[in-house]
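Asker: I have a structure here, written as structure tokens, and I will follow up with some questions on it.
The values are calculated or read from the model by the stated rules, or taken from the named source; none is laboratory data. In this text the structure is predicted, and so the values were computed from the model without any measurement. Cβ coordinates were reconstructed from backbone atoms using ideal geometry, including for glycine residues, and neighbour counts include every protein chain displayed.
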Amino acid sequence: MKRKICNKCKINKELKEFYKKENKTDGFVTICKKCILSYAKMYRESHKEKIKKELKLYYLKNKLELRKKHKIYAKNHKREKREYDKEYRLKNKEKIKIKKKEYTIKSFEHRREYRKKHGKRIDIERKIEEQKSRIKEPYRLRKYRQRRRHNRGLDPWNPPGEKVW
Ligand SMILES: [Zn+2]
């Protein structure tokens, strides 16, 4: 097995530790995979904000196109997605359970807080609604009686066959 010294870490490594590149004399790049990966990682970490900004800009610029692509992709990979979701659920049962529990507690707390803050207003609004429906009820009842009377031909003001409502 042929070996080669990495230009970065200076370690003598097997050729499979290097990426291939056609225009290099021996067909391989001068720096080993590990060094390239660690450099990429370092770059990502030291340029986090910049990369984030660039990604965001790229997304904004290509929003419509990307959405379209995503839609097509999702359509073409429905089954895979379903299978992936299923597998994910199976693999992360506990995690999902905890998340659900957390969410339930959170939403309960949120509702309690909301109730504390807006309870009085909600009560008043509810009372108003009740009153409104109480006013509505007799109206509906009146209409109902009117309709019944009419259908029996007992409506003196509206001859049978003519619609009242
Ligand atoms: Zn190296």
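Asker: Quick one: is Ile135 within 33 Å of the chain's Cα centre (by Cα) and at pLDDT below 90?
Answerer: no
Asker: Follow-up. Can you say whether Asn92 is touching a Cys at 6+ places or on another chain (Cβ under 9 Å) and not small (Gly, Ala, Ser), as far as the supplied structure shows?
Answerer: For Asn92, the condition - touching a Cys at 6+ places or on another chain (Cβ under 9 Å) and not small (Gly, Ala, Ser) - is not met.
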